[in-house]
Each structure stands twice: as structure tokens, then as C-alpha cells.
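Undergrad: I have a structure here, written as C-alpha cells, and I will follow up with some questions on it.
The values are calculated or read from the model by the stated rules, or taken from the named source; none is laboratory data. The structure presented is a predicted model; accordingly, all values stated were derived computationally and were not measured. When we count neighbours, we look across all protein chains shown, and the Cβ atoms used for this are built from the backbone with ideal geometry, even at glycine. Quick note on the areas: whole protein, heavy atoms, side chains included, nothing else; ligands and nucleic acids left out. Shrake-Rupley method; radii C 1.70, N 1.55, O 1.52, S 1.80 Å.
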Protein chains: 2
Amino acid sequence: MKYLLTAFLLSAAVGAGAQIRPAENLVQYVNPIIGTQRMGHTYPGATVPFGMVQLSPETDTAGYELNGKYNPDVYKYCAGYQYDDKTIVGFSHTHFSGTGHSDLGDFLIMPTIGALKLNPGTADKPGSGYRSAFSHQNEVSQANYYKVKLDASNIIAEMTTSTRVGFHQYTFPKSDQSHIILDLMAGIYNYPDKNVWTYLKVLNDSTVVGYRQTNGWARTRTLYFAMSFSKPFYQHGYKKYDKREVYGGFWGKFNQTKNFPEIAGRQIRSYFDFKTEEGEKIKIKFALSPVSMDGALNNMRAEIPGWDFDKVKNDGQQQWEKELHKIVIQGSKETKENFYTSMYHAMINPTIYMDADGQYKGLDQNVHKADGFTNYTTFSMWDTYRALHPLFNIIDPKRNADMVQSMLVHFDQSPEKMLPIWSNSGNENWCMSGYHSVTVLADAVVKGNAPFDANKALDACIATARHRDYEGIGSYIDMGYIPDEKSGVSVSSTLEYAFDDWAIAQMAKKLNRNDIYEEFIKRSQNYKNMYDAKAGFMRPKLADGTFRQKFDPLSTINEGFIEGNSWNYTLFAPQDPQGLIKLMGGNKRFVGYLDSLFTMNLPDKYFAETEDITRDGIIGNYVHGNEPSHHVAYLYNWTDKPWKTQERVRMILPRMYKPTPDGLGGNDDTGQMSAWYIFSSLGFYPVAPGSDQYSTGSPAVDGAVINLDNGKTFKINVKNQSLKNVYVQKMVLNGKILSGLFISHADIMNGGEITFYMGSKHK
Amino acid sequence: MKYLLTAFLLSAAVGAGAQIRPAENLVQYVNPIIGTQRMGHTYPGATVPFGMVQLSPETDTAGYELNGKYNPDVYKYCAGYQYDDKTIVGFSHTHFSGTGHSDLGDFLIMPTIGALKLNPGTADKPGSGYRSAFSHQNEVSQANYYKVKLDASNIIAEMTTSTRVGFHQYTFPKSDQSHIILDLMAGIYNYPDKNVWTYLKVLNDSTVVGYRQTNGWARTRTLYFAMSFSKPFYQHGYKKYDKREVYGGFWGKFNQTKNFPEIAGRQIRSYFDFKTEEGEKIKIKFALSPVSMDGALNNMRAEIPGWDFDKVKNDGQQQWEKELHKIVIQGSKETKENFYTSMYHAMINPTIYMDADGQYKGLDQNVHKADGFTNYTTFSMWDTYRALHPLFNIIDPKRNADMVQSMLVHFDQSPEKMLPIWSNSGNENWCMSGYHSVTVLADAVVKGNAPFDANKALDACIATARHRDYEGIGSYIDMGYIPDEKSGVSVSSTLEYAFDDWAIAQMAKKLNRNDIYEEFIKRSQNYKNMYDAKAGFMRPKLADGTFRQKFDPLSTINEGFIEGNSWNYTLFAPQDPQGLIKLMGGNKRFVGYLDSLFTMNLPDKYFAETEDITRDGIIGNYVHGNEPSHHVAYLYNWTDKPWKTQERVRMILPRMYKPTPDGLGGNDDTGQMSAWYIFSSLGFYPVAPGSDQYSTGSPAVDGAVINLDNGKTFKINVKNQSLKNVYVQKMVLNGKILSGLFISHADIMNGGEITFYMGSKHK
């Protein structure tokens, strides 16, 4: 496999034809359609790894509100596209991958022919607007390439991207009325007043710039664009949908609706008209910038100077090949589809957030220049600290360090002086709980991947963890737990803080900051304060130290937990499984508790309360579709029945990850679900990021090579695994039998090999 | 007088005490209160010459709308302050001087004590809000200094400025509840939705930054600030008045109303609390930037590093002294008050629009750096091309050239590719008519003040004048006039275009661009196409070449003119008085026409139709309070009765300019009214800017020295003038009797002297 990668890199360097045996194309196994049906919340469109542009179709314009009230269906459109929909509204340039709440959907482009319709219309009335029916038969979705036929116009829409530029290619029929619509009103999670201001300026007959300023999940956000057409439009126009016209100015002197160079307002749609021959292609380069219109123009010049669609597509797919080849597996086609689509989904977020010249808009709303690092945003920390960042620490440590740098400048620029909770477009949206950035920083430092000021990073962690005003931290510090009176998620937050505190302690230990180690290792034991030994569960505790009377360990609503019930969260002490086992009554009771979790029959009413998952996203009462239990299957490793870890992991893998549109059992959550798949199918998992240990499980691949960027490889040999042979008989690490159930980060990064010997019976 | 200036400059250089006979302090004659009552629309607050900050009290919060409808009283508050009002709402940082439409009023500060009131309350209910009663007895208004006692709190408010920083000094009584309110909702010409977005960030216990983004007369505008207190506040808070809260984010985790570091929304008020001792001063430095919050902080550091209020006040007053000394006059105290207040009002606008580091936000909404010039905004071209820019060409040619440079970058950045019509905060608001920037450019080029690319400037003029889509220019080019069907101001626009075209022709001639000269000198005769010889007036003409039936030469409403009636506008051909006289039937009829204009009795119903002037702003039917007739008194110079020019000018001067709050007969119009005063009281006037000729009148001073920045002086000796001795008996220029009625720009700029011999009878 080492040879294969070398051959691949060689081929990338010298072009096809030079190598004897080409590296396998891995992009072929990426299927972005996976997860687009139901709850995966992935999108089928085009992006390069960690790209600022995510160019993808929208199948509805569901607003956050419907007739003035919250629209309960809006969550379906977090990624803009739902596989079951029959129409496409257009193609917009920004998307989250796998989130359960949303924003973005900026700059919707739609090509049409015939009479101009500037409203999208509704899916149930074909022809009522610019939207078009489409069919999955006429759809191609690849890494960095999306193609679909729009039935309403027979236009073939194709799209690809570079990091900061979306590249559209529309093949038109013959028409004297060919239109490209740019809808600046459209957006994901839209509602009245979401658009704070929009602006559009026509520089010449083929270049347009502008911006959209929104108040949404990102509270104060402006995204700039520059748009270039391959063919001049012969006319253009706008329509404003503002409730009231601008006062004071005398813009009424002009006919601003047609062939006017600029327009500004809150709600604007625009169109650009062409006459096309049969089969004529109109291409659009659409560059983004978080800084300025000039920045967007410069990004376009820097990344796509010409008009070669195939080159841009291929360049982007080569980027993906390079990323995918970091782990080359052996396995069935289905396994490879699952694996490489997981790799793909794991490398979409976080996203690059700076111009080609290094400038970016900071959290302080000033423009900064990234000094010696690449700046990222889209940090969904509650999800990704668990396995995604640990994965990056193995396969892309430099990038992970840049992400840490981005978190540190976020901290510096944060008026609240906190590390990111959920960073969206250089804004903090405070979504979810804990302060898990500290774990990402600790994980990097503990694993020796800290080409940044590690002590400054620790200081940022300490400041964040001592932020008394944030979500009960003050009470937590004073009392060792968050009283139920103070927070609706007092139990899960206490548990999460305790874990994060342990990670801070590990980092402090590594940096010889003993006073900090002592402070935070003590705090890390706070999880015990939530445990009610009588009930056998973590449960809400009142300020007076007594447990709250009302309590249902199966419910996720108003029980003191976020996205999980007590049954699942009671197991949340990844930093101290042995302590947890003791707390919960010892090995036998603990194994029984774990078994029940996976095998119990959860009444439907409890399922209805959970968010962001499908019915398939749950096994018994084990909720894989949300994150708090992602370490749980591995906890058997601390009991006398580690084979149950192997069994459970191999049960979860095929049930939660299928190479089908509905293949994901819950939101992919910016790659965390995918990262779980990648680790688990390779045979190990970072139960406690912040330590350098991985817990072994049961590999589902037939072999793998991790190509490390230090030039070494870590090879995973798997003997005899199958859907039946899920039990590890023996593990041999670099020729020595592995006596325990753990491998270390150094074992991997130093290169070498591990061999799993598998069998159908547990040892 | 030359000696005096030298002494003054010496004293400025080496400090007081060194000179034998000090230059007269001229700032003492500046009375910013002049024009604050009724229609002057000036403001009494503090500013330095052409300063970006204009820190001045607001006496009302009149909105552009009242109960959802246009508020007919809003025009009174163009400058925020009306002398007759009894209460002050607060002190804001940006104001237009003398305009008839408005915007601005950014960042209102108000100090209070006692229970916190965050609403301004109403003037008729004292104590209903944070506003306070005040008395003119307790008010001091000087160039760059304003002081008032706030009766509600006994707080003494003082303010001064540097170019980009407002400096407040509040002397408090003893109080445990002392507040500084910063109202981000307040503004001049406010209405729902005017605030697009506001943001405020507390950096530490004495530093705050933020911005206000508005959609008003300037369509797309953001002004940033940085605010520094001399004493730490012990707590702070905000109140949001948004109709609906932000969606999506989870800011509700915090108590954002109190001691929180940041707030964002559309409608925000904030407060900062102190405990004060009797007589304790709290000072505030409040810096502005059109670029960023960092830019504002940097402006503060660059301009006012310390806390010495008196030094900032004195520095600014020394700037004023320097500017005022450019023309040192002899005359009565009243004359000096009128003259130096006019000088003061003439040097407020245009305003500097760039940061201390040269960065500014361009019309293209990108950030630029001014390369080798100072960037200005607030160009009210319809007003100021007449006399204000010609005045600058004499007393401050370098600054006028920078203003031209600013107009040229405006052109470069303009999506419509036009020179400024009315530039407000780096936006174009398209207010008023004509394309008079071309005249300012031509005037500078013709007068040899063109340290810029004059041919590029001419190209910008040509592009502007050929902009067929703008206000009937297409018809004007094709037909020689704008048909009444095409425009509500077809006649005045045709007349104004013809004048501007003549200016372009003069510029082209100077630059040897003969084809352009021919094109535009021909266009400059288009004024004749509007003249109906039968009626004896300029009047609306239909597309078929016939004059419109409905016509009332005394009315300003729907008669084809802007801010003027046909009686006045018929005289608008300053480029060709001789041609006009011929057109209107020769010398005798023309003199009769002029006489009637000044002596007729205009029925009240016609006065009621005029805008922006008081009843005093009109003499007969001559409307001095608006600009179109500013050259008219000088037209007698082309007849056989030039003494009537002298008579009329001396009649207008004392009637239209008095050193009292109600002393201005109409809007000062960013200094044009004042520039008329300055020229006319010195004895000459630029009837046709774009020529190098000045028409002589009747000096109302007893002598003057113009201190030119080329080191030369032009001395004006006036023998024997008085309110009776208004007739020029003889003029001697550099020892030679002046045979005609004109002096040239070179006569002035080369230095020398003119002596007016005055008498009580006309020659």
C-alpha cells in the first residue's frame, strides 16, 4: 500500500502514464448523496477539502417561519437539499454539512428559459416560478462535481469549485430568452429581517460584485461575492421586495430595475439575460470573500484565472484523492463507499475562512491577516472534539494545528474571551454545551502536535473554563455541580465540564503547570456529584444538595440533559471509566447497565422527544445519531467483557452507516459521525481525547494503511474479519502481542503495523 | 495687515509672548449661533475646519415620520438644533451645516443623574426622559467649543474636537447615580428601518467601540466609533428596542443587558454608570472612522493621546485662527461677526472623510487608501460650485485641489460613472440638479490650480455630461433641451446643463481639446431653447417644440424649475450675460426685468411654495435664500447701469446676513450662502465659475488683506464706504485705474492691491 501511495503521488506530480501500476482512484467511492435523505443533513453539491465554497442544489425554500410561526419542517433543510424532493430551486454557495441547525445558503443561482419568473414558486405547482423538477436518474454527485438536468428547461447544470470559487456550467437549449437568476433573498433558515442588507453592482457586461449581510445563527455576518460570466449578458435587471423603499435619497431619478449598475436594499432578486444556441454553455465563476468585494475579485483571479471547467473539477478531485489516500483501505465496494464517503464528510468542515491574501474578518469585526496559519471557521465543537479533531491529529496534524491557531485568534478576538463553542462565519453562535475547544487544544498538546504557543493555549483554556458567567460555570466552580435551578441542562453540562477539565489537566501536566493540573484534575471528578446512587443514574440536583424529585431517565426533555437522556449521559465520564464503574456499583452492574442500554425497548414516546436522528439512529436506547454516547460501545474495554465492545461496534457500523441516500442514522454533525466510522472501522477509537491512548475495537476493513505526513506509514492488517468474525482473537503490534486493549498515538505516528486476528467467537 | 499675519503665525509657532503686537484674535468674531434659529440650519456645536466630527447638541428627536406619515416639521432639524427649543436631548457627533435635507446625528451622548431613563422623553414633559431643559444664558458657542448647563442635572457639558475625535467634558454634581447614555437609535431624519444594524463592544472599563449602519440619504453607510472615558465606569448596560429578537443564535445564555461585553441589533441604547463627587469631571474621547473600529481607535491615538481638554480646544481654535486669517478685514464689530462667522461656515464643509492613516470607504464600498491627497465628502455641488469652491481656489487652492481629487476618485468608484451630485458619507444621494462638479473641475483647471491629471478630470466631466440616462441628458443632447414630458424640472436642468457645458468648454479650451470645446460650447447655448420670447420667460417646452400652455412665472411648483420660479431662473445664463440680454430684448428691457425682480411684491401664496428660506430671505421676488439667483445682482454689470449691482449687493448684504440667531435668510447650504457674503463684502464675485474673471460689486468692509498661500497678499483698500456710500466712484488696481468692471484671478493671485473709492451717488 505504501507503494500505491507513492505511485499516486508520483502520478499527481508527473501526470498519468508514468507509473507502472496506478494508485486506485478513491474519489470513485465518494458518494455525496449518502445522508441526503432524512436526517443526515449532508448535501450533494461540490466542494474541495475544507473549502470556503460549498456549491450545492437547494430543493426547497422552507423558511424558519411559516405564516409568522416557527416552521417545524425547517430542520429538514439544514443542508438545503432533501433527497425525496422533486424540484430544485437553484444552486447556492454555502452549506453546512450535517448540522442540526442552520444558516447560509448564500447567493442562489438558477438558470431558466422562456418568460422570466423571479419567484421560486412552489414545488406542488410546476411552472409557478423559477424552480424546476428534476430526477435522480439525471443527477451525478461526486466529490467536487455535481450535475443535474433541470426538467423545466432541459438545461444541464454542472458545478465544481476551488477553495474560494464556485464554478457553474450551464448547457442551454436554443433560446432567445435564457436567464441566469441570482436570488439574494434566498437563504437557508430564512425569516423576515434575516437579510440585514444586500448590495449588487454590475461592473461590466460580464462581471458582478456584491454582498449579503445577515442576522441569523451568525449574529453579524457579511459575505461578499464576485461573479463572472463566460459570455456577456445583453441585459440585466433587479426586483426589490422590500416592504418600504429607501427614504431620502433620490435614486428614483433612475430606472433602477433594468440595466442599472447597482442596487441596494434588504430583499433583492436579479437576473442576467442571454440568447443561447442549442447546447451553448454559459459558465459562471462565483468567488466568495469574508472581507470585501475586492477580496472576492482577487480570490477569483488567484484561484481560477481561466474558464476550463474540467481542469477546475479535476484539480479539486485531485485534492480529494490526496486527502483520501491518507488512509488506503482494503474491503468490499460497499465498505469503501462507506469509508471514503466518511473520509469526504470528515474533510468538509471546519471550513477555510480567509481570502487568498490571508485577510479575514475576525470575531471582533475587524479585518485581520492570518499570520503563518490558515484561518478556519465552522467549529461545531460539541460534536467534533470527540473523534474528528483526533482524526486530524493523525492524518493531517498541520491542518489541525492551524485549526487550533484559528481557535486561539477566535479567543483573542472574542469580546467574551472564550474559545469557540460553535463558530459560524467568524461569529460565535453559542450553540450546544461544554467548552470543548479546550479538549481539542489539549489533545494537540498532549499528542505533541503543538506548533503554536502551548502555554498561551492553556491560558485560553483556563480563561474559558473559569468564565463564571457562562452556563453555570460559576456554580460549577463553587459547588462542584450546576444546580437544576440554574440551568435546563445542568447535568450534561456538569458532566461535560468535568471531562473538559480533565483535558485541561492533561495539558497542564504536559506543560508542567502543576497548580493548574491540580485545580482541573480535581474539577474533573465533579461528574460524581451528579450521580444518584439510589436511582443508579446521573440526575438533576438542586442547590440544596438534594436530587430533584421529578426524574425520568429515559426522557430528553426538561431532565437536565442536552440531546440525550440520563440513561445515555450517565455513562459520560470518558476521562475516568474506572471511577465511573466503581461509582455505578462495580463491573457486573456496569456491564448489565451497558447491555440494557443496547437491548432495551425504548417506547416511541421517548424517541419522539429526541432531535436530529431517525428511528434507525437508535439501538435499544443507545442513541448513535447524537454524540454523547459515541464512546459508550468502547466502555466494555474497562470491564471483564471487552469482546462486547467488539460486538457492539460491529453491530453499530452497518446499522448506522449505509451507502444509500438514507444511510446515515442522524446528522453527520460536520463530520463527527463520519470520524466515528473511520476510527471504528479501522479498529480503534479515541475514547478520551486529551489522552494519547486509543481504545481498540473490531476492525471492519480487511486492511488499511495510514499514510502519515511525517513520511511514515501505520499499517493495519486484518486477518479473517467478516460480519461474523467480529471478535478479536489476538492483536500483534510491530511483532509483539498486544497485551492490553489500547494503542498509543506514538505507536501510530512512529509508523509500524498492527495485525488483528479475528474470529467468530469471543475470547 | 501682512505684518499682523506674520505675527500671528509667529505666535502660533513660538507661543504667546514673543510678538510685539499680537495679531488680532479672529475666533472671537465667530458666532456659531448665527443661523440656528429658523431657516439657517447651522449648528452651534464644535468642529475644526473641514472636520470629520461635528459635535453639537440636539434639541429634538423629530423623526422623518410622525405616526407613519411624513413629518412636515422635520426639516427644522436638519442640523439637529433649533434655537427656540427649550430642551437638549444630547450631543451627537455628525451634522450637516446649513442643508435643507438631512441624515447623520450619529452617536448621541447624554449625561444624567438619578434614576436611569433610557428614553429621551418629550420636550413638553420635563423629566419624562433623559432630555434636559437649558437656557441660552448658560450656553457658550465658539469655533470648536460649546458649553451648556443642563438644568435637569446641573451638569456642565463642554465639548471640543480634533479632526476625527469629539472630546466631551462633563462636570457632574455629587451623585451615586451618574450616567453617560450612548443612544445608538438616535439620528437626524430618523424613521423606522433607518438603522440597518448597530453594534457596540466594551473593550474594558473605559473603552467602547462599535458602529451604526444606516439606510438614509446615504443609502449604504456605516460609521464606526471608539469611545474612551477618563474614568472607569463601574457598570454598564444596554436596552434593545428591536421589534423582534435575533433568531438562531443562543445569546440568551447570557444576561446581555448588564455588564456584557457586546450587543448587536437594530435599535440599541446603552449606558455607563459612575459615582461622582461634586464638580468631578468625566471626559470622553469619541473617535469616528468610515473604515473600522480599529480605524477609530487609531484615529483617537493619533489625534488625542492625552486628556487635556483645553489643549484640544485651543489647538482647534488655533486651526480656526489660521483659516480665518486668510482674509483679515477692517470693519465694525458687527461686520467682523458676519464676516468671520461666514468664513467659519464656509470652512465646515466639505468634510474630511478618511482615517488618520489615509484609509477611507469608497463609493464602491471597498476600502481605499488616499494616495497623495486628503479625501473629502459632503459635496453639495448644486450649492457650492457657485462661490464656495471659487473661494477655496483663492484662499486654499491646495485644499480645493484635494477636493477635486476626491471628486475624481468618487467618479472612478461610482457605478454610474458620474462625478458627484451630492456626496454624503462616501455615498451619492443624487440630490438637486445639474452636474456642477464639472464646473468645480473647470474652475480649478482654468485658474491654474490643477495639481491633478487635468485631462483625466476633463474625461470625467465629459462622461458625466454625456450620461444619457441621467435626468434628461439624453433628450438634452438630442433636442437641445429637456422636454417637459421627460422631467419635472426640465427648464432649470436645461439651463444648468448649458452652464456646466460652458465650463467644460472652457476647460477643454485650456487643455487644447478643441473637439470637446466645440461640442460643449455649442451645448452651452442650449439655454436659449427654453426662452419664450412672447412670454419673456424661460418656460417648459413640450417634446413637439411648443411651449407648455400652463405656466406661471411666479410659481415654483410644477413649473419645470427646482427651488426657484421662472422669474428668477430666466436669468440663469451666467456663462453668457450678453447673449441673455440680447435674447431678452436688449439692455433696457433687461434692466427693467432685473428691477422688477427686486421691487415687485410677491404674493404670499408664492412665498409659501418656496423651500428652505424665511420671508426675510426674499427681496421682492429675488430669492437669496436659495442659490439660483446668487449671480443675479451682478448682472447689472453687463448693462448700462452697473451701479445698480453695487446698490443691490449692499441692499442684500445687511438684509440677508445678521449677527443674530435668526440672521440667515435661508439655509446656509454647506457654506455657499456664506461664500456669497465673503466675496460680496470684499467687493467682487465669481459670476461664472469656470472663467478667471470676477465681477466687481461694492465692498462692505473698510479694507481687507487676502493672505495667499503662495506667500503673496492681495490688499483691498476701501475709501469712504458706508451704508450710504455704496457706489463705486473709481477702482485702482496696482496703481492703475480699472477701466472695466472685472478683475482676474491672476490679479489676485499675483498679489497687489485694489482700491475702491466709494461715494453716496452712483457714477
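Undergrad: Just to be sure I understand the filter: pairs with C-beta atoms under 8 Å, separated by 6 or more residues or on different chains, first member in region A:452-471 and more than 14 Å from chain B (Cβ to nearest Cβ), second member assigned to a helix (DSSP H, G or I) and among the charged types (D, E, K, R). Which pairs pass?
TA: Pairs found: A:Ala454/A:Lys510; A:Ala465/A:Asp500; A:Ala465/A:Asp501; A:Ala465/A:Arg523.
Undergrad: Restricting region B:654-687 to residues that are closer than 14 Å to B:Thr341 by Cα and of a type in the set (A, V, I, L, M), which is surrounded by the fewest Cβ atoms within 10 Å (Cβ to Cβ)?
TA: By that ranking, first place goes to B:Met656.
Undergrad: Can you tell me which condition B:Gln318 does not meet? The list is (1) within 30 Å of B:Leu664 (Cα to Cα); (2) surrounded by fewer than 24 Cβ atoms within 10 Å (Cβ to Cβ); (3) touching a Leu at 6+ places or on another chain (Cβ under 8 Å), and all the others hold.
TA: Among (1) within 30 Å of B:Leu664 (Cα to Cα); (2) surrounded by fewer than 24 Cβ atoms within 10 Å (Cβ to Cβ); (3) touching a Leu at 6+ places or on another chain (Cβ under 8 Å), the lone unmet condition for B:Gln318 is (3).
Undergrad: Kindly list the number of the only condition in (1) among the β-branched types (Val, Ile, Thr); (2) in a loop (DSSP other than H, G, I, E, B); (3) surrounded by fewer than 24 Cβ atoms within 10 Å (Cβ to Cβ) that fails for B:Thr335.
TA: (2) is the only condition that B:Thr335 fails.
Undergrad: Between A:Ser524, A:Ser433, A:Ser437, which is of a type in the set (Ser, Thr, Tyr) and farther than 23 Å from A:Thr377 by Cα?
TA: Working: A:Ser433 fails: farther than 23 Å from A:Thr377 by Cα; A:Ser437 fails: farther than 23 Å from A:Thr377 by Cα.
Sole residue among the options that is of a type in the set (Ser, Thr, Tyr) and farther than 23 Å from A:Thr377 by Cα: A:Ser524.
Undergrad: Being more than 9 Å from chain B (Cβ to nearest Cβ), under 19 Å from A:Ala503 (Cα atoms) and open to solvent by 10 Å² or more (accessible area, probe 1.4 Å) is the filter here; which residues of region A:409-432 pass it?
TA: Selection gives A:Phe411 alone.
Undergrad: How many of the residues making up region A:584-600 are open to solvent by 50 Å² or more (accessible area, probe 1.4 Å) and of a type in the set (A, V, I, L, M, F, W, C)?
TA: 0
Undergrad: For region A:273-291, enumerate the residues that are part of a loop (DSSP other than H, G, I, E, B) and open to solvent by 30 Å² or more (accessible area, probe 1.4 Å). So that I can check it myself, show each step before the final result.
TA: Of region A:273-291, the ones part of a loop (DSSP other than H, G, I, E, B) are A:277-279, A:290-291.
A:Glu277, A:Glu278, A:Gly279, listed by residue number.
Undergrad: Collect the residues in region B:95-117 that are under 26 Å from B:Ser289 (Cβ atoms), in a loop (DSSP other than H, G, I, E, B) and either open to solvent by less than 10 Å² (accessible area, probe 1.4 Å) or among the hydrophobic types (A, V, I, L, M, F, W, C) (or both), keeping them in residue-number order. Walk me through how you get there before you give the answer.
TA: Residues of region B:95-117 that are under 26 Å from B:Ser289 (Cβ atoms), as a first pass: B:95-99, B:101-111.
Now restrict to residues that are in a loop (DSSP other than H, G, I, E, B): B:95-99, B:101-107.
Within region B:95-117, B:His95, B:Phe96, B:Ser97, B:Gly98, B:Thr99, B:Ser102, B:Asp103, B:Leu104, B:Gly105, B:Asp106, B:Phe107 meet the criteria.
Undergrad: For region B:181-210, which residues satisfy the criterion of being within 13 Å of chain A (Cβ to nearest Cβ) and part of a loop (DSSP other than H, G, I, E, B)? Don't jump to the end; show me each part of the working.
TA: Within region B:181-210, the subset within 13 Å of chain A (Cβ to nearest Cβ) is B:187-204, B:207-210.
Once the filter is applied, which keeps residues that are within 13 Å of chain A (Cβ to nearest Cβ) and part of a loop (DSSP other than H, G, I, E, B), region B:181-210 yields B:Gly187, B:Ile188, B:Tyr189, B:Tyr191, B:Pro192, B:Asp193, B:Lys194.
Undergrad: Check B:Asp383, B:Asp364 and return the single one that is within 14 Å of another protein chain (Cβ to nearest Cβ), within 17 Å of B:Leu419 (Cβ to Cβ) and modelled with pLDDT of 95 or more.
TA: Working: B:Asp383 fails: within 14 Å of another protein chain (Cβ to nearest Cβ).
After applying the criteria, what remains is B:Asp364.
Yes/no per residue for (1) open to solvent by 30 Å² or more (accessible area, probe 1.4 Å); (2) within 12 Å of another protein chain (Cβ to nearest Cβ):
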| residue | (1), (2) |
| --- | --- |
| A:Arg212 | no, no |
| A:Gly216 | no, yes |
| A:Ser230 | yes, no |
| A:Asn255 | yes, yes |
| A:Lys258 | yes, yes |
| A:Pro261 | no, yes |
| A:Tyr271 | no, no |
| A:Met293 | no, yes |
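Undergrad: If a residue must be more than 13 Å from A:Lys239 (Cα to Cα) and open to solvent by 10 Å² or more (accessible area, probe 1.4 Å), how many such residues does region A:171-187 contain?
TA: To start, the set of residues in region A:171-187 that are more than 13 Å from A:Lys239 (Cα to Cα) comprises A:171-180, A:186-187.
Checking the rest, the ones that are also open to solvent by 10 Å² or more (accessible area, probe 1.4 Å) come to A:171, A:173-177, A:186-187.
Adding up the residues that qualify gives 8.
Undergrad: Return the residues of region B:620-636 that are more than 18 Å from the chain's Cα centre (by Cα), crowded, with 22+ Cβ neighbours inside 10 Å and either among the aliphatic types (A, V, I, L, M) or part of a loop (DSSP other than H, G, I, E, B) (or both); say none if nothing qualifies.
TA: Scanning region B:620-636 gives B:Val623, B:His631, B:Val632, B:Ala633, B:Leu635.
Undergrad: Test of understanding: among A:Ala704, A:Ala746, which residue is among the hydrophobic types (A, V, I, L, M, F, W, C) and in contact with a helix residue (DSSP H, G or I) (Cβ under 6 Å, 6 or more places away or on another chain)?
TA: Numbers: A:Ala746 fails: in contact with a helix residue (DSSP H, G or I) (Cβ under 6 Å, 6 or more places away or on another chain).
So the residue among A:Ala704, A:Ala746 that is among the hydrophobic types (A, V, I, L, M, F, W, C) and in contact with a helix residue (DSSP H, G or I) (Cβ under 6 Å, 6 or more places away or on another chain) is A:Ala704.
Undergrad: Let me ask you something else. Which of the residues belonging to region A:295-310 are surrounded by 20 or more Cβ atoms within 10 Å (Cβ to Cβ), in a helix (DSSP H, G or I), more than 14 Å from chain B (Cβ to nearest Cβ) and of a type in the set (A, V, I, L, M)?
TA: A:Met300
Undergrad: For A:Gly358, are the conditions met, namely being more than 14 Å from chain B (Cβ to nearest Cβ) and on the phi > 0 side of the Ramachandran plot?
TA: Details: more than 14 Å from chain B (Cβ to nearest Cβ): yes; on the phi > 0 side of the Ramachandran plot: yes.
For A:Gly358, the condition - more than 14 Å from chain B (Cβ to nearest Cβ) and on the phi > 0 side of the Ramachandran plot - is met.
Undergrad: Going by the structure shown, is A:Thr610 at pLDDT 95 or above and among the β-branched types (Val, Ile, Thr)? Explain how you work it out, then say what you get.
TA: Numbers: at pLDDT 95 or above: no; among the β-branched types (Val, Ile, Thr): yes.
The answer is no for A:Thr610.
Undergrad: Can you pull out the residues in region A:138-151 that are surrounded by fewer than 21 Cβ atoms within 10 Å (Cβ to Cβ) and within 14 Å of A:Lys86 (Cα to Cα)?
TA: Step one: of region A:138-151, the residues surrounded by fewer than 21 Cβ atoms within 10 Å (Cβ to Cβ) are A:138-140, A:147, A:149, A:151.
Passing the criteria: A:Asn138, A:Glu139, A:Lys149, A:Asp151.
Undergrad: Could I ask something else about it? Have a look at B:Val438, B:Val445 and point out the one that is open to solvent by less than 10 Å² (accessible area, probe 1.4 Å), under 22 Å from the mean Cα position of the chain (by Cα) and away from chain A (no Cβ under 14 Å).
TA: That would be B:Val438, the only listed residue that is open to solvent by less than 10 Å² (accessible area, probe 1.4 Å), under 22 Å from the mean Cα position of the chain (by Cα) and away from chain A (no Cβ under 14 Å).
Undergrad: Continuing with this model, one more query. Applying the selection to region A:39-57, what residues are in contact with a Leu (Cβ under 8 Å, 6 or more places away or on another chain) and either hydroxyl-bearing (Ser, Thr, Tyr) or open to solvent by 10 Å² or more (accessible area, probe 1.4 Å) (or both)?
TA: Within region A:39-57, A:Met39, A:Thr42, A:Thr47, A:Met52 qualify.
Undergrad: Please go through region B:118-137 and pick out each residue that is outside any loop (DSSP other than H, G, I, E, B) and open to solvent by less than 50 Å² (accessible area, probe 1.4 Å). Break it down stepwise before answering.
TA: In the first step, residues of region B:118-137 are kept if they are outside any loop (DSSP other than H, G, I, E, B); the result is B:132-133, B:136-137.
If the condition is that a residue be outside any loop (DSSP other than H, G, I, E, B) and open to solvent by less than 50 Å² (accessible area, probe 1.4 Å), then B:Ser132, B:Ala133 are the ones that fit.
Undergrad: Do we have A:Tyr224 as open to solvent by less than 20 Å² (accessible area, probe 1.4 Å), assigned to a strand (DSSP E or B), of a type in the set (Ser, Thr, Tyr) and within 14 Å of chain B (Cβ to nearest Cβ) here? Lay out the reasoning, then the answer.
TA: Working: open to solvent by less than 20 Å² (accessible area, probe 1.4 Å): no; assigned to a strand (DSSP E or B): yes; of a type in the set (Ser, Thr, Tyr): yes; within 14 Å of chain B (Cβ to nearest Cβ): yes.
Considered against the rule, which asks whether it is open to solvent by less than 20 Å² (accessible area, probe 1.4 Å), assigned to a strand (DSSP E or B), of a type in the set (Ser, Thr, Tyr) and within 14 Å of chain B (Cβ to nearest Cβ), A:Tyr224 comes out as no.
Undergrad: Still on this structure, please answer the following. Given the structure, is B:Asp176 more than 20 Å from B:Gly279 (Cα to Cα), more than 14 Å from chain A (Cβ to nearest Cβ) and charged (D, E, K, R)? Lay out the reasoning, then the answer.
TA: Working: more than 20 Å from B:Gly279 (Cα to Cα): no; more than 14 Å from chain A (Cβ to nearest Cβ): yes; charged (D, E, K, R): yes.
So B:Asp176 does not fit the description; no.
Undergrad: Another question about this same structure. Given the condition hydrophobic (A, V, I, L, M, F, W, C) and part of a helix (DSSP H, G or I), answer yes or no: does some residue in region B:538-559 qualify? Lay out the reasoning, then the answer.
TA: Our first condition is that a residue be hydrophobic (A, V, I, L, M, F, W, C); within region B:538-559, this holds for B:538, B:542-543, B:547, B:551, B:554, B:557.
Filter again for part of a helix (DSSP H, G or I), leaving none.
No, that holds for no residue.
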